Each structure stands twice: as structure tokens, then as C-alpha cells.
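Let me begin by presenting the structure, written as C-alpha cells, before commenting on it.
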Amino acid sequence: MEPQQEHEGKPELSSSSFSSQPQPSLEPGVDTNSTMIPSTSWFTPKRLLAIFCVINMLNYLDRGAIASNGVNGSRGTCEGGTCKSGTGIQGDFKLNNFEDGVLSSAFMVGLLVASPIFASLAKSVNPFRLIGVGLSVWTLATLCCGFSFNFWSIAVCRMLVGVGEASFISLAAPFIDDNAPASQKTVWLGTFYMCIPAGYAVGYVYGGLVGGHLGWRYAFWMEAILMFPFAILGFVMKPLQLKGFAPTDSKKELTLETAVSEAQDVNASNGKDETLSLKAEFRDKRSHEPSRSTYATTILGQFSRFLQDIKELLLDKIFVVNVLGYIAYNFVIGAYSYWGPKAGYSIYNMANADMMFGGITVVCGILGSLGGGFLLDFMNSTISNAFKLLSLSTLVGGACCFGAFLFRSEYGFLALFAIGELLVFATQAPVNYVCLHCVKPSLRPLSMALSTVAIHIFGDVPSSPLVGVIQDKINNWRTTALILTTIFFPAAAIWFIGIFLHSVDRYNEDSEQEISSLERTTTVPLLEENTAKTSISGQSQEC
């Protein structure tokens, strides 16, 4: 069945199809054979991946920078009649620890609210343009962070940073999935998600250096300068098109073409050609429709469709099981990133706990993310194999982390904990592969957005305060860390259930209600551009 599905998903261009049916545009300027792909020779799938990796790195560099000592700083202190002025954001705005904690996670509000919105808009606005809009908001918001003058001004700017990041988080992975070679899809995803721990680490160093030498405001201004070219690229370059989405400039024509095609089928047996009259009648009817009523109907229709898409995702057992396991997994990872250094300092008296945990996370995050992608591609990238890798690596990695906290020796702890983190980070590519391939192509942005919202709301956002409550009750970091680590095992169990669920890779599934033959001819992945152009050129010569 797979070869047949792949055949149906690609445009069929033959000399007979050109000769039997004319291919003129329905209106001047509309090219029904356009690939929606830039014709510039420099733009290749690998360069698309490289651009997205740099953008992802900048997103997480910003998160690391605001948490660094050079940017975040510290409050002023007074001891023995001697007062020492504060440093960084916390010192300049005289923030208490609660306000400082809110500031570090304020971007999450914008991210969680805007992610589903951008994913829904992708059906009516070109997704590549939406990324350009999001990156522009991110650039402007980051620039304004450098000009902020009090707690509320910078908090609002941080929320807008999250809004800008939302479009990229929801839409970048589907673009990468479309243009990656079939045998390397998870490796490419692993490369993309490898930028998360790497970006955090670079952000710590960047924030410390720039904040310490030039001041924390310059750190934000320089981030805006670095992101600005990518925001411009999203507008000046001819937009790419996601698989499963019709080009926005052809949607009006699709409606007309559908009506015309139906009329042709009905009248073919009668020998009548009422195509021209139908076109005129259709356009005349559209011209007399009240614009306000049409606008309201469009908004209502989009909202109704959004709710239907949400319902479809929540009824998909594969998607739900995958996200539930991801929530439990992210609950532990989020608490590790916040409390890990403090726990290590308390249990093993690490003088440089920040450097130790940061170094382990960076190295294991990069190697683990890439390794998980390579391993799944080697096993054959299927949803069932992804669940096998997710459950096994989380189970063994969680066991190693649990055993590490039982060690009395600092070196034994670091060695076993590194192995554990290497294994648990191997889940990054497979878990997102499942999110992308368990749903039809047009639902991939919403799938990524809903997954992002769920793992933050139910995962890392509540985990840090809850672990703090447990520690306040127990007052023993070793016991608290062991309790936290055990949550890896329910995550592994949930993903283990996914192995036995009936799973179908829906990457090549096209909904007939959403994708017509015209959309198939106008939606070609970047990898297929040269093949399609060669095919069209050869067939034109035959004609």
C-alpha cells in the first residue's frame, strides 16, 4: 500500500495529461504548475536545515542568556553597614526572587498562547511567511528588552519573545520533515533539536561575557541584530509550501476550479459546455456577497475547523500516548535543569556544580539527540520502532540516573549520570518524529503546537515548584532527587504501551477534502524540485 500512497501523493505529469486537458491559468498571473519553491540554486534542503538550526540556537541562546549571571545578575546586599549594589536585571530593577523567577519564565505565556494560533493560521496564511512574522516579533521584542525600564516593561517584552518563538516552534519541524531525505528524517530532526542544549550552554557563556563587559542591555540588542537577517529572509524569499497545504494564492481558484470540474463531469455526457457561463455566474455571485458577512463567516469557519482539528488530535490514541509520555519525561528534565546544580552541591559538595551539570547536559544533549536520530533511522523509521526506542532508552537512562544518585562518590555519580542523560536525550528525535507522522500532513503544525503546550503546562512548568515543596518537607536532596527520577519509569511505561497500538504513518496521506489535484501540482517538497522541473521539461519537448 505504501508505494501506491506515495504515487498518489505526487503530481502525475504525462504527455497525455497535457494533451487531453488544457492547462491554462484560471486567471492571469496564476500558474497552476508552480512549485512554490525558490528557483535560486543556493537554496538546498541542507541549507534550509542549517538556517533553521541557527534560528533554533538563537532562540535557546536567549533563554540561556537571561538566566546567566551576567544578564540576570543579583540583588544588592547590605552587611555590617556596608552596602553592595546589585548587578544585571535583578540589581537594576531591584527585583525579589519571585519577580526574578517570573521574569525568567514570562516568555512561556506568549509561547503557550500563540503556538496553537500560529498552527491554525498555517491553513490560511503561508507557513513560511508566518515564520517570518514570528521572527520579526521576536527581533522587535528582544530589542525592546534592552530598552526596558522596570519589571513590567521587561516582563511584557519577554512574553512577546515567546509569541515570536511560537511560530517557529510549531512550523520548523514540519518543514524539516518535508525536505529531509527519506532515510535520514530522524537524523535531521535530531540535528535540529540538538540545538536546544547547545543553545542553552552558549547562552550562559554569551550572557556572562557580554553582560559582564558591556552590560545586560547589549546582550539583548546583539541578539536582535543576529536574528534580524533571518526575519527579513522570511519575507523577501519566495515562500516554501508545507506538504498538505494549498498555496494561499490559489485557494480562491481552487473553489472555482472545483465547481467548474463538477460541471464538466455532469455536462460531458450531454455534450454541453457550460464552463464559461458557470465561471461568470460564480464570480458574479461572489461579487455581490456582503464583505462583512463573508469575513464573519470565514472567521467562524476557521474557528470551527480549529476545534475539529483539536478534537481529531485528542481522539488519536498514538498522539495522546506519545504526548502523555513526553509530559512525564519533561517533568523530570525541567526539574533537573532548575534544581540539578543545587542538588549536586548539597549531596556531593560540588564547588563548581553549575559547570558540571551544564557541561554534562550540553555534551550528552548533543550526542544523545544525534544518536537517537541515527539509531531510529538505522532501525527503520516507523512509529512502532520509535516507541520501542523511546521506552527502552527512557527506562535504561532513568535507571542509570536513579543509580547515580545512590552513589556516595562524586565521580561515580557523574559517570553514571552522564550515561543516563545520554540515553534520555536520545528521545528528542523519535518523540517528535511520532508527533509529525501519526497525523495527516495538514495537522502537523497543530500537532507540534499542542505537544509543546502540553509538555510545558503539565511538565516542566509545575515540576520545579512541586520539587521545591517536596524538598521543603523532606529536607534531603538525595531523597528528593530519587523521587523525581522515578517519574522516568511511568514515562517509559506509557511509551511502551504505544508499541502495541495500531499505528499508521500518515505522512503520505492526503485528505481529498483539503487537497485537490491543483494543490498536488503546486505543492512539491524542496528535494523534489529538480526532479519535477526535469520531468516537466522533458514532457514539454515530447508535446
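The values are calculated or read from the model by the stated rules, or taken from the named source; none is laboratory data. For clarity, every value in this text was computed on a predicted model and none was experimentally measured. Neighbour counts are summed over all protein chains in view; Cβ atoms, including those assigned to glycine, are modelled from backbone coordinates with ideal geometry. The area values use the complete protein model at the heavy-atom level, side chains included, leaving out ligands, DNA and RNA. Shrake-Rupley method; radii C 1.70, N 1.55, O 1.52, S 1.80 Å.
Quick check on the range 69-86: of everything there that is open to solvent by 90 Å² or more (accessible area, probe 1.4 Å) and of a type in the set (Ser, Thr, Tyr), which residue is nearest to residue 172 (Cα to Cα)? Looking at the filtered set, the residue picked out is 85. Candidates 472, 460: the one that is at pLDDT below 90 and open to solvent by less than 50 Å² (accessible area, probe 1.4 Å) is 460. Restricting the search to helices (runs of 4 or more DSSP H) fully inside the range 326-435 and requiring at least 3 residues that are in contact with an Asp or Glu (Cβ under 9 Å, 6 or more places away or on another chain), touching a residue at least 24 places away in the same chain (Cβ under 8 Å) and not aromatic (Phe, Trp, Tyr) gives 353-379, 383-406.
Residue 355 - would you say it is open to solvent by 10 Å² or more (accessible area, probe 1.4 Å) and not acidic (Asp, Glu)? Taking the combined requirement at face value, the residue satisfies it.
Looking at 154, 66, which is the one that is modelled with pLDDT under 90, crowded, with 17+ Cβ neighbours inside 10 Å and over 28 Å from residue 440 (Cα atoms)? Before you say what the answer is, go through the steps one by one.
On the way: 154 fails: modelled with pLDDT under 90.
Result of the check over 154, 66: 66.
Filtered by the rule that a residue be over 19 Å from residue 300 (Cα atoms) and crowded, with 23+ Cβ neighbours inside 10 Å, the range 112-128 gives 115, 127.
Can you tell me how many residues in the range 160-197 are of a type in the set (Gly, Ala, Ser) and open to solvent by 10 Å² or more (accessible area, probe 1.4 Å)? Working first, answer last.
Residues of the range 160-197 of a type in the set (Gly, Ala, Ser): 162, 164, 166-167, 170, 172-173, 180, 182-183, 190.
Checking which are open to solvent by 10 Å² or more (accessible area, probe 1.4 Å) leaves us with 182-183.
Number of matching residues: 2.
Please verify whether residue 132 is open to solvent by 10 Å² or more (accessible area, probe 1.4 Å) and modelled with pLDDT of 85 or more, treating the condition exactly as stated. Spell out how you get there, then give the answer.
Details: open to solvent by 10 Å² or more (accessible area, probe 1.4 Å): no; modelled with pLDDT of 85 or more: yes.
Taking the combined requirement at face value, the residue does not satisfy it.
For every residue, the table says whether it meets (1) modelled with pLDDT under 85; (2) under 30 Å from residue 459 (Cβ atoms); (3) surrounded by fewer than 12 Cβ atoms within 10 Å (Cβ to Cβ); (4) not polar (S, T, N, Q).
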position	(1), (2), (3), (4)
274	yes, no, no, yes
277	yes, no, yes, no
280	yes, no, yes, yes
287	yes, no, yes, no
294	yes, no, yes, no
299	yes, no, yes, yes
307	no, yes, yes, yes
319	no, yes, no, yes
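Candidates in the range 124-147 are the residues that are touching a residue at least 24 places away in the same chain (Cβ under 8 Å) and of a type in the set (Gly, Ala, Ser); of these, the one that is farthest from residue 92 (Cα to Cα) is 124.
Take residue 218 and tell me if it is more than 15 Å from residue 243 (Cβ to Cβ), within 24 Å of the chain's Cα centre (by Cα), open to solvent by 10 Å² or more (accessible area, probe 1.4 Å) and not basic (Lys, Arg).
Numbers: more than 15 Å from residue 243 (Cβ to Cβ): yes; within 24 Å of the chain's Cα centre (by Cα): no; open to solvent by 10 Å² or more (accessible area, probe 1.4 Å): yes; not basic (Lys, Arg): yes.
Against the criterion (more than 15 Å from residue 243 (Cβ to Cβ), within 24 Å of the chain's Cα centre (by Cα), open to solvent by 10 Å² or more (accessible area, probe 1.4 Å) and not basic (Lys, Arg)), residue 218 does not qualify.
The set of residues in the range 361-375 being over 13 Å from residue 393 (Cβ atoms) and open to solvent by less than 30 Å² (accessible area, probe 1.4 Å) consists of 365 alone.
Restricting to the range 91-111, name every residue that is open to solvent by 10 Å² or more (accessible area, probe 1.4 Å) and closer than 30 Å to residue 134 by Cβ.
92, 93, 98, 99, 100, 101, 102, 104, 105, 107, 108, 109
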